[in-house]
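To start, the structure under review is shown below, and the notes come after it.
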Amino acid sequence: MSRGSAFLVFWLLIVAILVVPILLFLAVAFSPALLAQGPEWFTLSAFAQALDGQLLVAFLDSTVVGVVTAVLSAAIAFWLAWVVMRTDLVGRRIWTGVAFALLLTPSYLIALGWERLLEPNGVLELIGIPADGARSVMYGPVGIVVVLTVKGIPFAFLAISNTLRGLGHEFEDAVRVHGGGRVAALRIVVALLSPGVWAALAIVFAESISDFGVASTLANDSHFLVATYSLYMAVDSFPVHFPVAAAISWVLLVLIVLALLAQNAALKGRSFRVLSGRSKPVLSQRLSPAVTAITWLCFLVFLLLALGVPAFGAVSASLIDGLGSLAGTHQWDLSNYLRVLSSPQLGDPLVYSAILAAITATAGVALAVACARVLAARGSTLPGRVLDFILLAAVALPGIVFAAGYIFAYNLPLWSALHLQIYGTTTLLLLAYLATALPSTTRVLVGTMSQIQESMLEASRVHGRGPLRAWLSIVIPVIARPLLSAWLLTFAATLLELPVSQLLSPPGSQPVSVGIEAALAKYDYGGGTAMEVLAVLFALVVVGIGFGAFRLFAPAGWRAIGRTR
Amino acid sequence: MTTAIDSGSFGGCSIELEDVRKAFGATHALDGVSLSVEPGTFLVLLGPSGSGKTTMLRGLAGVERFDSGTVRLGSRVVSDGRRHLPPERRGLAMVFQDYALWPHLTVFENVAYALKRHHLDGREARSRTMETLDRVSMAEKAANYPQELSGGQQQRVALARAIVARPSLLLFDEPLSNLDADLREQLRVEIATLARESGATAVYITHDQSEAFALADVVGVLRRGRLEQIGPPEQIYAHPATPFVARFTGLSGSMRGVVDRDLAAGVVEVRVGDHLLTASARGALRPGTAVDVLVRPSATRLMHPLHDDGRDGPSGHGRGRTDPASPEPNRIHGRIVDVAYRGRGYEHVVRTPYGDLTGVFSNTARARGTDWHLAIDSAGCLAFPIANAEI
């Protein structure tokens, strides 16, 4: 394939999976007639509906929850990042591992863990612990904020620790040698870290208001209205209210853009770049045994709330026979797992999702490498700027908007006329998974791609390799570890993905997240949670096998790169 | 598949460039460069940043594509505006400024990689690789990864990678610029000897004139995408074609004057203020022509101190005075404004009535603020007509 045709195929794919579905969907908010969703060519009535009554309440709820979650996540993440990056605390690397575990865990799984524990006749009540008080607190805004904060912490942690990593000790030293005290030095550090803190606030706010996992579980069960669930209801009802759903998407987008603008205004154009470069590594702050003990205690409490409770909720629920129904013995055994493993209705979704996740991860990583290469190209190119904008927009869009856009764009009569009807098929689900994964997978790889010195590739060409062999023999081995990480991250995220699966799964084939929801909807809490636990374990096993195989079988030189850098 | 030029054989290839051009947007990186280099020559392209030397080297390597013009390596046209032979088929090797060693390969594998195009059998490839590593004193580090080596060691490996396949053309992209002074000198000697031992033609780019003169058989001076002058280092230094070449190859300072008389044999007498300087005429200079006199550092010599009475000793006024003590040609006076110890002696900055002269050498340090007589050797004085004199 020539360079020109490869370029064309790449852009056609980007337009087909990202640009067209989103643009068509958003256009319907203003012009229902454009795509046969109503008589008007231009109207704001969908916005009037979206900003009225219950929907307006939903937006206000989402905004308040988003702001509180962002502040809490940024504060906790700041503390975590400081301990990991700036102190000599024993076992602090475990904290980074926990942050990544939280990143991989979908919010609905965390919410479901809490629900299984606290619901009427849930695990706590079955083992004789009254849960009324805790339930009344957690089933509502407090619980939603807790779960979203837990989910927001890893994003905030990554943003803040990246900034802290680039912040050498010399800035504090400079304050001290020029006569400033500890407080003055701290003020300088806080000012220098503000890009990271603001980025954390903006990211967590955006993630929280666009979250669907908590909206469809804890928020829905506690009748606390949030915007993403209203959007889901507009698309999943009969008749479908596409213009209203599109108007809700616009409002969500505006909220996210406002958050990004606030971040920009607060920073006045400062960027992370100011902090990176030749900064010297910092000296770790030595913690006394007492402070170490207190810090670990705080961390354990955090760990308990973030992962322990939901994991305990899910695992214990999965071990109670007939939880949620009047039938069953309510005894502790493995009957739910045996049921999941023997029943096609419960076991098949896991296999189906695993296959789709593997395909998505493979195609997604390949496409993300191409995107990352365009973004990492020297200088600011037009394709680079356009792609950057498209991917940024896609990051800002909730998964549920993607899914709604896909339903809309690929259910048009035009596709039937062209004999390209992919609506309601696994192909469409795969394309939507790919589109959902592409922005974040690209972001994971763009840093790596921009670190590749062009001269390494040129040296290969000059010393006798053609373009393809130069890529295979030089670039692929150099980025092997980030490629593997990106693949595993995409695999795990797709395996457990909810909103796109919920709206686009083809009849007769259920992804695992939809299977879990379906089992729970039928009050088969034991079966649902057993599936949930198996799905998470499966994801962890795949991640373990991936990294283990790399460690055992990758050539020494491939491993040497990650180790010594 | 086309074979590479003279690949596998010892000996260099000739290089011919005809009207080579390359633009990046509105910037003309190369603006019609033509040159011809004999096989086995060590050519150094010297120029400031933005002069086009990197573009020229990358175009020769084939990683950059010239817009127009013809490039011949040996008997083969590798680029002519329409055709462009990719780098892997040009049979050359290159040492990069940032080394460009592959971090996932060991030192041995990095060097052996360059041999693969020759499809040698394993034993021969191994022995040739080890032989080359030994030649650059890196055999002991064969099993190490590049990131485990110092900058100097990495550049030695890059050098071994470049010569192992015995290419007919070796390209060097400012290979010493990331190294400290001591290593620079060591590696410079190695590059000079290895390139000549291999018999390959070498093209080396740098912005450092001392490095260029030390390495080159032929120096080409580039400025704003044009080749200002090409020739042996001695010729470039003694007979610079333009004021730019003179300045870029090392000047003490310059003074404005008017040609007083033509002394024949390309030498003129120039009146600079109240002084007369004999200088080598660069171009046809008639009496009355306004000129810039460019002075090489080697042409300056501190004679003796100037007194308060205008004869000897320190003076309170250095500027603007005539020098009755030295009426003979090629003598001016000035005040020492700075002195720097250089190990073998001292370099002074002398403020004369006509401008500062830097790099004025003396075995002993002269005190700052003292006024001195200064002799200027006519062989290191170059008079350019003012119309051509601006940088």
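Key figures
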item: Tabulated pairs, the stretch B:206-235, first more than 18 Å from B:SER36 (Cα to Cα), second among the charged types (D, E, K, R) and in a loop (DSSP other than H, G, I, E, B), C-beta under 8 angstrom, 6+ apart or interchain; result: B:THR206/B:GLU174; B:HIS207/B:GLU174
item: Criterion violated by B:SER49 - all others in (1) more than 8 Å from every other protein chain (Cβ to nearest Cβ); (2) crowded, with 20+ Cβ neighbours inside 10 Å satisfied; result: (2)
item: Neighbours by Cβ (under 7 Å, 6+ apart or cross-chain): first from the stretch A:5-32, farther than 17 Å from A:LEU375 by Cα and not assigned by TED's automatic domain parsing to the domain that holds A:THR427; second of a type in the set (Asp, Glu) and outside any helix (DSSP H, G or I); result: A:PRO32/A:GLU40
item: Among (1) modelled with pLDDT under 80; (2) not in a helix (DSSP H, G or I) - the single one A:ALA266 does not satisfy; result: (2)
item: Spans of strands (runs of 3 or more DSSP E) in the stretch B:64-182 with at least 3 residues within 14 Å of chain A (Cβ to nearest Cβ) and within 21 Å of B:LEU45 (Cβ to Cβ); result: B:92-95, B:169-173
item: Looking only at the stretch A:470-498, and only at residues there that are crowded, with 19+ Cβ neighbours inside 10 Å and of a type in the set (Phe, Trp, Tyr), the one that is farthest from the other protein chains (Cβ to nearest Cβ); result: A:PHE491
item: Residues of the stretch B:317-346 that turn out to be at pLDDT 75 or above and touching a Lys or Arg at 6+ places or on another chain (Cβ under 8 Å), as a count; result: 8
item: Restricting the stretch A:442-457 to residues that are of a type outside the set (S, T, N, Q) and closer than 15 Å to A:CYS371 by Cα, the residue that is surrounded by the most Cβ atoms within 10 Å (Cβ to Cβ); result: A:LEU445
item: Verdict on B:ALA29 being surrounded by fewer than 20 Cβ atoms within 10 Å (Cβ to Cβ) and more than 14 Å from every other protein chain (Cβ to nearest Cβ); result: no
item: Residue check, B:ARG247 more than 18 Å from B:ALA162 (Cα to Cα) and of a type in the set (Lys, Arg); result: yes
item: Failed item in (1) touching a residue at least 12 places away in the same chain (Cβ under 8 Å); (2) more than 14 Å from chain B (Cβ to nearest Cβ), with A:LEU418 passing the rest; result: (1)
item: Only listed residue being farther than 28 Å from B:LEU115 by Cβ, more than 23 Å from the chain's Cα centre (by Cα) and part of a helix (DSSP H, G or I), chosen from A:GLY557, A:GLY508, A:GLY546, A:GLY526; result: A:GLY526
item: Within the stretch A:504-562, tally of residues that are within 14 Å of chain B (Cβ to nearest Cβ) and at positive phi; result: 0
item: Test result for A:ALA435, assigned to a helix (DSSP H, G or I) and within 18 Å of A:ALA372 (Cα to Cα); result: yes
item: Tally, over the stretch A:210-258, of residues that are in a helix (DSSP H, G or I) and closer than 21 Å to A:ALA518 by Cα; result: 18
item: Residue within the stretch A:182-204 that is β-branched (Val, Ile, Thr), over 17 Å from A:MET85 (Cα atoms) and at pLDDT 80 or above present; result: yes
item: Counted residues, the stretch A:338-392 - those being over 23 Å from the mean Cα position of the chain (by Cα), loosely packed, with under 13 Cβ neighbours inside 10 Å and in a helix (DSSP H, G or I); result: 5
item: Within the stretch A:449-466, tally of residues that are over 20 Å from B:PRO86 (Cβ atoms) and facing chain B (nearest Cβ under 7 Å); result: 0
item: Selection from the stretch A:446-480 of residues that are under 30 Å from B:PRO175 (Cβ atoms) and within 21 Å of the chain's Cα centre (by Cα); result: A:GLY447, A:THR448
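Conditions tested, residue by residue: (1) of a type in the set (S, T, N, Q); (2) without any contact (Cβ under 8 Å) to a residue 12 or more places away in the chain.
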residue: A:ILE422; (1), (2): no, no
residue: A:THR425; (1), (2): yes, no
residue: A:VAL444; (1), (2): no, no
residue: A:SER460; (1), (2): yes, no
residue: A:GLY464; (1), (2): no, yes
residue: A:TRP471; (1), (2): no, no
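Here's the yes/no breakdown for (1) more than 26 Å from A:ALA366 (Cα to Cα); (2) of a type in the set (Ser, Thr, Tyr):
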residue: A:PRO467; (1), (2): no, no
residue: A:ARG481; (1), (2): no, no
residue: A:SER501; (1), (2): no, yes
residue: A:SER505; (1), (2): no, yes
residue: A:PRO511; (1), (2): no, no
residue: A:ILE516; (1), (2): yes, no
residue: A:ASP524; (1), (2): yes, no
residue: A:GLY528; (1), (2): yes, no
residue: A:PHE547; (1), (2): no, no
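The values are calculated or read from the model by the stated rules, or taken from the named source; none is laboratory data. Because the structure is predicted, anything quoted here is derived from the model rather than measured. Every residue, glycine among them, receives a Cβ derived from its backbone with ideal geometry; neighbour counts consider all protein chains shown.
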